[in-house]
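The values are calculated or read from the model by the stated rules, or taken from the named source; none is laboratory data. Every value quoted in this text rests on a predicted model; they were computed, and no experiment measured them. Cβ placement follows ideal geometry from the backbone for every residue including glycine, while neighbour counts extend to all protein chains displayed. When the accessible area is computed, the model is the full protein with side chains, heavy atoms only, and any ligands, DNA or RNA have been set aside. Shrake-Rupley method; radii C 1.70, N 1.55, O 1.52, S 1.80 Å.
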Amino acid sequence: MSTTQLTEWAYPLAESLLAEPLPRRWKHCLGVAERARSLAPVLGTDADLMEATAVLHDIGYSPDLVKTGFHPLDGARYLRETAHADERVVSLVAHHSCAWMEAEARGLREELEAEFARERAHLADALCYCDMNTTPDGIATNPVDRVNEIAGRYGADSLIGRFIRRAEPEILSSTARVLERLAAAERQPT
């Protein structure tokens, strides 16, 4: 499957899993994909891969896919076992937005890391950037406000609240690395 075909395949799959049961999550995924398109200047041949992954990254929330309750793992397993997705998409979904930290809190880190290899760091950074710069309604935001929104929605003392605060420094670092790459690309002569 070419990368363009990958993107064309990803949108209807994500829509079929999220649009009806979780319309707000679907809007978020569309917004994350929009952020991914904005990174094309620094992603080169991986731009379509990132857009496809962005629109699919939260499919593990779909009620039809929930097995462990840990959406990166549930989504990645579905993509691998049922959708037979590109292994890079599967790996990025499995490890998106500091998932290893949440997996650790859930007692699933060894399982996650044994099943799914990590993708290249600049792609993991890009997906984290896209996810953490998008509100639940798909609108552009910044990672500080996004982390605060997540902690507020789930509660500071919840597993997610504690995870997101622990992950915040890495989320901010990922975002900074992406912004540095974007700035460097803008300085390059055309």
Odd one out for Lys67, checked against (1) free of Cβ contacts under 8 Å to residues at least 40 places away in the same chain; (2) open to solvent by less than 50 Å² (accessible area, probe 1.4 Å): (2)
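Just need a number here: residues in region 79-100 that are open to solvent by 50 Å² or more (accessible area, probe 1.4 Å) and in contact (Cβ under 8 Å) with a residue 60 or more places away in the chain. Explain how you work it out, then say what you get.
Of the residues in region 79-100, the ones open to solvent by 50 Å² or more (accessible area, probe 1.4 Å) are 80-82, 84, 86-88, 100.
From the residues that got through so far, the ones that are in contact (Cβ under 8 Å) with a residue 60 or more places away in the chain too are 86.
Adding up the residues that qualify gives 1.
Looking at Ala167, Ala185 in this structure, which one is touching a residue at least 40 places away in the same chain (Cβ under 8 Å), under 17 Å from the mean Cα position of the chain (by Cα) and surrounded by 13 or more Cβ atoms within 10 Å (Cβ to Cβ)?
Details: Ala185 fails: under 17 Å from the mean Cα position of the chain (by Cα).
None of the other options fit; the residue is Ala167.
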Residue that is surrounded by the fewest Cβ atoms within 10 Å (Cβ to Cβ) [pool: residues in region 20-41 that are outside any helix (DSSP H, G or I) and without any contact (Cβ under 8 Å) to a residue 60 or more places away in the chain]: Glu20
